[in-house]
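What follows is one structure encoded as C-alpha cells, with my remarks underneath.
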Amino acid sequence: MIPRKKKILVILIITLIIISIVIAFILLYKNTDIFKSNQTLFLKYVGQNIENLNKNEEIFEKTELDDILQKNSYTENSEIKINYTKNIGTTLENTNNQINKLKLKIEGKTDKENQYDYKNIKLLQEENPLFNIETIRDNNVYGIRFSDLFKQYVLGENNSTENVFEKIGFTQEEISIISNIIENNNDILNEFKFTKEELESLNNKYTAILKNKFSNDNFEKITNQVITVNQKEIATNAYILKITKENLNNIYIEILKNLKEDEIFLQKIETIQQYISKYTNIFNDKDNLKDSIIEKIEKTIEDINKNNIGDEETQIIVYENNGTTVRTTIIGVDYNINYDFIKNEQEQYTQILLEKNKVETKKVTLKNTSREMEISINNNENENSNTITLKQNVDLKEKNPTRNIQIEYEDNTNRIQAAVTQNFNILEALEKEELNNTNCIILNQLDDEQMKTVLARLTEGLNSKIEELRNKIEMNDMQEILKTIGIIQEKQKIEEGTTVSEIEKNQFNSKFQILQGEDISSENMAYILDSIKENVLNLEVISNEKLKIRIDKSNSNEDIINTLKKFFEQEKDKKFNINIENDEETGLVKYLVLTINKE
C-alpha cells in the first residue's frame, strides 16, 4: 500500500503532467497547424491576404529619408527631365521634339520643424531659361515671385488668407479648399487606410461567409508543393477549395450583399468622395459615389443571378510556407488569377497576375528593399499593349542623401521616360531668404482697389509670358504625350475645324475666372482690359448699366479695345462688377459681363 504522502505526490505529478499536456495542446493548436481542419487552415491563410495588402500600403508611407528631411534643415538641388521617343524599334524612330529639350531645375531651402520652405523653380530649354518662379513659406507667411517678370514677392499671411482670397473673388467653398492645400493638413494615406481593427473585422466577416457555405469535406490539403515566386523555388503546403460555378456565384452574391451594407467599406467610399470633391470638379452636386457603387453592386448581383447555372469547377488554392501565405490562386474555366506575396528582412515582393484563356492580360509587380523600390504594370488587354514602370533608388549618405526616380511608359510605338534626381545637403543651420518692404507686396495690407491693380498687372504679365512660352514650346508635343498615356482624351470641338483639350480649356478659363469681383474702378478695368486684350473680339451693349465683352480663344479686335478704353476713361467715377459666362457647348469662357455698380 502506497503511503498517503507518496500517494498525494503521485497525484500531483499526474495532475501536472495532464496540465502540461493540455497547455501544450492549446499552444500547438493556437500557434501551429497541428490538429486544425483543412477548412480552418484554408480560411486562416486566405485571411492573411488582407493583412498582406495592408503591408503593401506601408511601402508608400514615410521612408527613412523622409524622417531625415523632417528632422533636419537642408538645401535641395533637383532636376526633372522627360524623354519622348516615337516609332520605337523602327527606321522612323524619332526623338526630335520640343519636350526633350526641356528641363525643370529646383533649388530649395527647407526647415520643416521651423515651418520654413523656399523653392526656386526654373524651366530651361537646352539650358536657356524660359520661366522662373520662386515660392516661399516662413511660418504663417506664404509668397510667390515670378522672378523673370517682377522683382517683388506677392505675400499673404495665413491668418488672413480668407480675407485675401475673398477680395480676389473666390467663394467660401473655394477659400476652404485653398486653405486646406496651404496648410497641407491632409494625410491622404491615413484618411484612406484601414485600421488594424477594421482589417480584423473585414477578415472575420468575409471568411465567415466561406465557413458557413462549406463543410470540411469541400477542402483538401496537398503537402510538399514546390512553387516559384520571384524566381525562387519555395516548398509549400496547398489548401484547396473546389466548387462549382453555381456555388462560386452564390458566394459572390453573398459577399456583394454584405459589401453594399458594410459600414467600413461605405465609409471609405464617402471619404474618397469628400477628398476628391475638395480638389476637383469630377463630381457634380447630385453625384453620390457611394450610391453609384451600391447601384453597380446590385446590377452585378442581378447579372450573376441571370447566369447562375453550371457545373464547371473552380479551384481556390492557398499556398503557405512556414505559416505564411505566399500565393493565392483562383483557377476558373477560362481564367487564372495569381496573387503572390513574400516579405523578409531583405525584400518585400508582390505580384498580381491575370490570365484569360491561358494568355497573360495584366501583371502588376512590386519589389521593395530598404533602398530601392520598383513597380511595374503590364497591360496586354488590347492590341496596343503597354508597360508602366516606376523605379526609386535612395542613397542615405551622412550629410548628402540622394533620391533618384525613373518613370517609364512604353507601348508598341511610343516610349516616354521621366527622370527625377534629388540631391540634399543636411545643414546645422539654414540661411533664410530675407523678406522686407523692398522685395514684398503683402496682399493682406491692400485695399480692394490696390488688390485689383496688383492682380491685373500680374495677370497681364503672366498672360504675356504664357504666350511667349507657347511660341517657344510646341504644345502639340505635350498634348501628344498626355494622350498617349491616357491622361487626356480626344480633343473637344470648339468651332468648325478647331479643337481644344481639357487642359487648354482650364488654362484659358482660369485667367478670366480670377477677374471676377465687385466694385472695380475704371482705372483697374483698364488694367484688366490690357491683360485680356488678345482675346477681346466684340462688344454687346445690353442696357445702360450692362455690357458684355465677347471673348475668343484665337482672335482679337483692336477697335473694340480702343472703344472700351475710351469708355472707361469717360466713366472715371463709375465702379463695375465682373462676372463670366461660359459657352454651353465648349465650356470655354464666352463673355465677360460688366455691370455698373449703382451703390
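Which of the residues belonging to the stretch 133-146 are more than 25 Å from the chain's Cα centre (by Cα), crowded, with 17+ Cβ neighbours inside 10 Å and of a type outside the set (Phe, Trp, Tyr)? I'd like the intermediate steps shown before the answer.
We begin by selecting, within the stretch 133-146, every residue more than 25 Å from the chain's Cα centre (by Cα); these are 138-141, 143, 145-146.
Then keep just the ones that are crowded, with 17+ Cβ neighbours inside 10 Å; that gives 138, 141, 143, 145-146.
Hits for the stretch 133-146 are 138, 141, 143, 145.
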Completion exercise
Picked from the stretch 437-468 (must be more than 12 Å from residue 511 (Cα to Cα) and within 32 Å of the chain's Cα centre (by Cα)), the residue surrounded by the fewest Cβ atoms within 10 Å (Cβ to Cβ) is 467
Exercise for the section: For residue 107, indicate whether it is out of contact with any Leu (no Cβ under 7 Å at 6 or more places or on another chain), closer than 23 Å to residue 69 by Cβ and of a type in the set (Asp, Glu). Expected result: yes
Problem - Residue count for the stretch 350-373, restricted to those that are more than 17 Å from residue 58 (Cβ to Cβ) and part of a loop (DSSP other than H, G, I, E, B) - result: 2
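Kindly indicate whether residue 575 is among the charged types (D, E, K, R), surrounded by 14 or more Cβ atoms within 10 Å (Cβ to Cβ) and over 41 Å from the mean Cα position of the chain (by Cα). Even if it seems obvious, please write down each step before you answer.
Numbers: among the charged types (D, E, K, R): yes; surrounded by 14 or more Cβ atoms within 10 Å (Cβ to Cβ): yes; over 41 Å from the mean Cα position of the chain (by Cα): yes.
For residue 575, the condition - among the charged types (D, E, K, R), surrounded by 14 or more Cβ atoms within 10 Å (Cβ to Cβ) and over 41 Å from the mean Cα position of the chain (by Cα) - is met.
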Practice task
Determine, yes or no, whether residue 179 is at pLDDT 75 or above and surrounded by 14 or more Cβ atoms within 10 Å (Cβ to Cβ).
Solution key: no
Problem - From the options 345, 360, 320, 372, residue that is free of Cβ contacts under 8 Å to residues at least 60 places away in the same chain, within 28 Å of residue 246 (Cα to Cα) and among the acidic types (Asp, Glu) - result: 360
Practice task
Among the residues of the stretch 281-291, write down those that are outside any loop (DSSP other than H, G, I, E, B) and either modelled with pLDDT under 80 or under 21 Å from the mean Cα position of the chain (by Cα) (or both).
Solution key: 289, 290
Exercise for the section: Determine, yes or no, whether residue 491 is under 28 Å from residue 450 (Cβ atoms) and either modelled with pLDDT under 80 or more than 34 Å from the chain's Cα centre (by Cα) (or both). Expected result: no
Completion exercise
For the stretch 583-599 the number of residues that are within 17 Å of residue 542 (Cα to Cα) and either more than 35 Å from the chain's Cα centre (by Cα) or not hydrophobic (A, V, I, L, M, F, W, C) (or both) is 8
Exercise for the section: Look through the stretch 197-220, keep the residues that are among the acidic types (Asp, Glu) and free of Cβ contacts under 8 Å to residues at least 24 places away in the same chain, and return whichever of them is surrounded by the most Cβ atoms within 10 Å (Cβ to Cβ). Expected result: 200
Problem - Among the residues listed as 444, 436, the single one being touching a residue at least 12 places away in the same chain (Cβ under 8 Å) and either within 30 Å of residue 528 (Cβ to Cβ) or of a type in the set (D, E, K, R) (or both) - result: 444
Handout entry: Qualifying positions in the stretch 379-407 - in a loop (DSSP other than H, G, I, E, B), surrounded by 15 or more Cβ atoms within 10 Å (Cβ to Cβ) and free of Cβ contacts under 8 Å to residues at least 24 places away in the same chain
Key = 380
Exercise for the section: Identify all residues within the stretch 355-368 that are surrounded by 14 or more Cβ atoms within 10 Å (Cβ to Cβ) and either farther than 18 Å from residue 228 by Cβ or within 24 Å of the chain's Cα centre (by Cα) (or both); write none if there are none. Expected result: 356, 361, 362, 363, 364, 365, 366, 367, 368
Practice task
Taking the options 309, 301, name whichever one is assigned to a helix (DSSP H, G or I) and touching a helix residue (DSSP H, G or I) at 6+ places or on another chain (Cβ under 8 Å).
Solution key: 301
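Across the stretch 57-80, what is the number of residues that are in contact (Cβ under 8 Å) with a residue 40 or more places away in the chain, closer than 29 Å to residue 349 by Cα and either surrounded by fewer than 16 Cβ atoms within 10 Å (Cβ to Cβ) or not polar (S, T, N, Q) (or both)? It would help to see each step written out before you state the result.
Within the stretch 57-80, the first condition is being in contact (Cβ under 8 Å) with a residue 40 or more places away in the chain, and the residues that meet it are 57, 59-61, 63-65, 68-80.
Still in the running and closer than 29 Å to residue 349 by Cα: 57, 59-61, 63-65, 68-70, 80.
After this cut, where a residue has to be either surrounded by fewer than 16 Cβ atoms within 10 Å (Cβ to Cβ) or not polar (S, T, N, Q) (or both) as well, the list is 57, 59-61, 64-65, 68-70, 80.
Looking only at that region, the number is 10.
The values are calculated or read from the model by the stated rules, or taken from the named source; none is laboratory data. Nothing here was measured: the structure is a model prediction, and the numbers come from that model. Using ideal geometry, Cβ is built from the backbone for each residue, glycine included, and neighbour counts are taken over all protein chains shown.
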